[in-house]
Each structure stands twice: as C-alpha cells, then as structure tokens.
1. First select every other residue whose beta carbon is under 9 angstrom from the beta carbon of ALA38; then total the charges, Lys and Arg +1, Asp and Glu -1.
2. At a threshold of 8 angstrom on Cα-Cα distance, excluding pairs fewer than six apart, so keeping six or more, what relative contact order does the range 295-449 reach in percent?
3. Once you have the Cα-Cα distance between ALA14 and THR312, take 0.36 nm times their residue separation minus that, and quote the gain in nm to one decimal.
4. When all C-alpha to C-alpha distances in the range 313-396 are sorted into bins of 10 Å, what percent of pairs does each bin hold, rounded to whole numbers?
5. Restricting the calculation to Cα positions, tell me the Rg (one decimal) and the Dmax (whole number) of the chain in Å.
6. With only alpha-carbon atoms counted, please give the Rg and Dmax of the range 8-121, in Å.
7. If R₀ is 56 angstrom, what is the calculated FRET efficiency for the pair ASP260 and GLN188, using the beta carbon separation as r and rounding to 0.05?
8. If I take R0 = 25 Å and measure r between the Cβ atoms of GLU339 and SER319 in this structure, what FRET efficiency does the formula 1/(1 + (r/R0)^6) give, to the nearest 0.05?
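Coordinate-derived values only; no laboratory data. Quick caveat, the model's predicted, so the values are computed rather than measured. So basically every Cβ, Gly included, is an ideal-geometry build from the backbone, and we count neighbours across all protein chains shown.
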Amino acid sequence: MSPATDTIAAIATAPGRGGVGILRISGPAAQAIASAIAGPLPPPRQAGLRPFRAADASTLDEGIVLRFPAPQSYTGEDVVELQGHGGPVVLDLLLRRACQLGARVARPGEFSERAFLNGRMDLAQAEAVADLIDAGTAQAARAAQRSLEGALSKQVHALAEELVALRVFVEGALDFSDEDVDWLGDAQLRARLEKLIADLDALLAGAAQGRRLREGLVVALTGQPNVGKSTLLNRLAGAEVAIVTPVAGTTRDVLRENLDLDGLPVTVVDTAGLRDSDDLVEREGIRRARAALASAELGLYLVDDRSGADDTDQQLLASLPQGLPVWVLHNKCDLSGREPEVFEHDGRRHLRFSAGSGAGLELLLAEIRRFAGVNASESAFSARSRHVDALRRARALAGDAQARLRESAMPELAAEELRLAHEALGEITGRFTTEDLLGRIFSSFCIGK
C-alpha cells in the first residue's frame, strides 16, 4: 500500500456537544482548503484566530487555526486543524465545506494509517493510539502510552537485529561448510541464540500482560440459586447493580458489569442460579447463563460456606464447560464462623470469603489478578492478540533452530527458521505485513484519528 495522494478531512472530536470541536484536514491540498475557509493561515504551529466562511463568504463559525506542514505533522503530510465551537451542526457545515473544496471524508483510522505509511510511527505504535483512546483503566492507559512511545517496538527491533546477526552467521557458515572448522558448533553462537530465546520469552510474558490490560478479563459468577452471586456483583461494583432478595431465582437474566479491579479491566457476568425449573422465564435465564459460561475466561462457582458443596453442586460443577477454569467460592464465612482463606481441594482452587461483609474480598481480588497475570509494573506496555501470536511463532521457530544447531541436523532448515522468526517479528511493527491486515487494524479506529 503506497502513501495516499488525496486530501482527507474528519471531525476529530467526540460526537455530541462540547466547548470545542476540531476539524482535521490532511493531504497535499490541506493548506489550500483551510485557506479558502479561514483566509491567510498563521505561521506553522502558531494559533491564529480566524472566521470560518462558507462558499458565499458568510460566517459559519469563528475559531483557532493551526497548521503543521509536512513532514513534521501527525500524518507526515500537510495537516491543518480548525478548532471551533463543539456543536454537531457547526462541525458538519465545516466538514461539508472542506469536501466542497476537494477533500473527502476520512475512513476510520485513516489519519493514523497515513502516519504509519509515511513512517511517522510503526504499526504497533499506531495500534497504541487506538488502545489509548479505548483504555478502560488508568493502568491500561499508561500501558498504551508506553507502547505509543515505543516500549514494545524498541524491544522488537532489538530482537529483530539480533536475529539478523544470527542469520548472517549461520548462512555464512553454510557457505563455508566444506572447510574443516565447525562454525555452527561455535559456543558463542549457541550462547547468543540461548539469550535471544530468553529475551523472546520475557517479551512474550510482557506482551501477554499488555494484552490482558487492553482486553480485560471476563469472569462469570455461577452456582445454585440464592448463594450470593448478585451480592458479590454488587460488592465488586460498589453499587446495587443487581437485585438481591431472599427468594431463590431472583436473577432471571445475564447481568454484565464492567469494573476496574485495581487497574485490571474486568467484565463480571452475574447469571441465573443453575437448577431444574418449570418456569419458562427462569429456564431461559439458565440457558443464557450456560451460554455466558461458555464465553467466560474464569468461572466463580459460589456455595454457602455453612453447608458446603453438596451432591447437586458436584453435578453442576461437572456440567460446566470443559477447559473453563472454575474456582469454588465458599460465601458467607461471616455466618459460618470460619476465617477467609485460599486453599486447594480435589484439584480445584477454593476461596472462603463473605460477599455480605466484604471479609476476604481482597484475597479474591489478588487471586483474580494473579490468574490474569497482571501486576502494577510501571514498565508494562499495551499489546494485542496478534502481537502475542507473532511472538509465540518467533519463539517456536527460534527454539526449533536452536534444536537443529545443537544436534547438527539440517542446518539449512535452521537458517530458514531464523528467517521466518525474523519475519514474524516484522509483522508486529509492520515491517512485513499485508494490505488486508492493515485494513482490519485501522478500520477499528475512530474517525478523525
């Protein structure tokens, strides 16, 4: 995909009314279009107060003009921003005027796409722009900002450079394979490859945490009726988002609440109590509960700590989706007289707490964070599933190459595996990519960014 030659325009501020609204224009005709609307433009990077005029010279609005000549702009092209009043009608009139003068409405993410194509940022940094906008917690926002500053990209580039050096060594050794020297058995080569793999493992762990900060965790609350699922949801949310009564079967539908659990974005799903029922509405709620469990990443099965898990609980636990990690939460320990604790039993994690009093809640939150693999590190960066997938492939290929060189088996394949590992890393920053991939990535951005 080559850099675009047309000029695009879009409203860069959020929909709705506000004190300020921004129209952003980028491309070769940006300055001419802005000049036709606002008159003589101010010097680069200096604000100028101007009237914004329609085709008949009537005033549409009055506001600030900022221009950023290429290549020192967000997109690497000529960029002009018209900052007026934040009314949707006024902004729409300005956008229409820009299009009359030769611009077209930008596609979602097209400004950031052009920034990538023009070398202003790599693909991981461009994705971090969207992640910063979409961040659900302060920790996720800080991680996205670090990726935007290049925290992920710099590590990927360093690993890619080392892979190139190793490829040069291995391929050079193959060219001189008829000599008596065993270049591929060199201890320094093996040490460098071992360090590369260790660095890939470390970056993969960091990327997995970054993905979790971005995507969050889906936790489903389940169990028999009237064991405290809705009370726990309310306790976690800090508000009465679910109805709680002594009547079994009060929750009929799936309730979802997005929470910030100490920086970790978590979607907690409260489901109908699992039991046999002749009530048509409750049966539909139970069907939806099982569907919610199938899409969750962690299940919390609640039981009453006074009676413990009975035979029905054991049957229900056995009926939960295969592969879903499920913890048993013994609720109401304030009524049973037991202390909050975490323990293992029958190969499953158990936790004793009280949703009503809050006793043991910190234990639960700490366990959820441990399960998610998220800590409060100030070096955390945001990442996406495709980054994690690329790193896993690079790690596997480097490991295969290491095994071949250790066994002196088919070193030509080891050289090819190092090349493929290098390409996998290149997918993260956009060094090796496809137009289809770029289209999928940037289409998820908001218009105007």
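1. Values: positive: ARG50, ARG53; negative: none.
Surrounding charge for ALA38 is +2.
2. 13
3. Here the segment from ALA14 to THR312 would lengthen by 102.2 nm.
4. With a bin width of 10 Å, the distribution comes to 14, 32, 29, 19, 6, 0.
5. 28.5, 85
6. Computed over the Cα atoms of the range 8-121, radius of gyration and Dmax are 13.0, 40 Å.
7. E(calc), rounded to 0.05, equals 0.70.
8. Numbers: r = 31 Å, r/R0 = 1.23.
Efficiency for this residue pair is about 0.20.
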